[in-house]
1. Report whether or not residue 90 is surrounded by fewer than 18 Cβ atoms within 10 Å (Cβ to Cβ), more than 26 Å from residue 34 (Cβ to Cβ), in contact with a helix residue (DSSP H, G or I) (Cβ under 7 Å, 6 or more places away or on another chain) and not assigned by TED's automatic domain parsing to the domain that holds residue 57.
2. Could you say whether any residue in region 163-183 is more than 12 Å from the chain's Cα centre (by Cα) and at pLDDT 90 or above?
3. Would you confirm whether any residue within region 168-177 is assigned to a loop (DSSP other than H, G, I, E, B), of a type in the set (D, E, K, R) and in contact (Cβ under 8 Å) with a residue 24 or more places away in the chain?
4. Outside the structural domain of residue 42 (by TED's automatic domain parsing), at positive phi and under 18 Å from the mean Cα position of the chain (by Cα), is that true of residue 114?
5. In region 119-172, how many residues are of a type in the set (Val, Ile, Thr) and more than 19 Å from residue 80 (Cβ to Cβ)?
6. Go through the residues of region 33-42 one by one and say whether even a single one is touching an Asp or Glu at 6+ places or on another chain (Cβ under 7 Å) and either loosely packed, with under 10 Cβ neighbours inside 10 Å or within 20 Å of residue 132 (Cβ to Cβ) (or both).
Amino acid sequence: MSAAGFVILIIVVLAIVALAIITWLATQRRSLQNRFGPEYARVAAEQPNRAAAEHELRDRERKHAKLELRPLTAEARARYAAEWSDVQARFVDSPGAVVQDCDALVTRLITDIGYPTADADERLAMLSVEYAGTLGRYRDAHEISLRNTRGEASTEELRQALVHYRTLFAELLGDQPDHHSGEPVAADSITSGQLADEAKTTAAAMTPVPSRPSRRLS
């Protein structure tokens with residue numbers, strides 16, 4: 001092989017390797033974007049560049065894989081669903097207190113599943129791996145809850161917080177929010193009266209139906 005032919009071969013090999021690396025990076029990027037959804041854009045805006053953002057998200061995945069998450073028993077799911085129903089039913093009379101109770105109930109559920117809750121940032125980072133689509137609403141609800149403790153949240157904002165908490169709560173229980181179309185529930189589409197009415201059926205909707213014993217054929 002001539003020297004020119006050898007140089008051309010090296011260039012072709014390098015081009016193939018470069019193309020393979022670019023394709024792999026693009027595949028990894030799409031995987032992160034699909035998994036983290038809006039959280040990908042939020043982290044990218046916070047980090048100095050996209051590479052740093054993707055490093056942060058992959059680090060979250062590695063840490064999440066080390067968590068010892070515990071699936072809830074049917075009894076635990078029923079108990080939490082009943083607690084949520086009781087809390088939500090009190091919203092009309094005590095919206096501020098209910099939002100604080102919702103925040104505490106969601107935090108307790110997250111803890112029982114096995115997510116870290118001592119550090120708020122770590123809690124949000126770990127939840128983003130599995131619940132990125134809902135995390136923005138949880139952040140908004142928690143912020144309203146904090147403002148409520150300072151007496152700065154309106155009743156409408158408290159209603160929005162309740163709806164946001166409910167969305168994550170249903171996902172954590174392995175259930176879907178009221179609208180099964182995959183679209184988020186608009187806070188302004190649900191009135192306080194509806195929240196009170198829905199509390200009567202929430203526990204039943206989230207409680208698994210026991211299977212009937214099979215009959216043996218003689």
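The values are calculated or read from the model by the stated rules, or taken from the named source; none is laboratory data. These numbers were taken from a predicted model, which means no experiment stands behind them. For neighbour counting, all protein chains shown are included, and Cβ atoms are generated from backbone atoms with ideal geometry for every residue, glycine included.
1. So residue 90 passes the test.
2. Yes, region 163-183 has at least one match.
3. yes
4. yes
5. Residues that pass the stated criteria total 4.
6. No, region 33-42 has no match at all.
Condition check ((1) under 19 Å from the mean Cα position of the chain (by Cα); (2) within 29 Å of residue 143 (Cα to Cα); (3) among the polar types (S, T, N, Q); (4) at pLDDT 95 or above) across all residues:
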{"site": "2", "(1), (2), (3), (4)": "no, no, yes, no"}
{"site": "5", "(1), (2), (3), (4)": "no, no, no, no"}
{"site": "8", "(1), (2), (3), (4)": "no, no, no, no"}
{"site": "19", "(1), (2), (3), (4)": "no, no, no, no"}
{"site": "27", "(1), (2), (3), (4)": "no, no, yes, no"}
{"site": "45", "(1), (2), (3), (4)": "no, yes, no, no"}
{"site": "53", "(1), (2), (3), (4)": "yes, yes, no, no"}
{"site": "72", "(1), (2), (3), (4)": "yes, yes, no, no"}
{"site": "77", "(1), (2), (3), (4)": "yes, yes, no, no"}
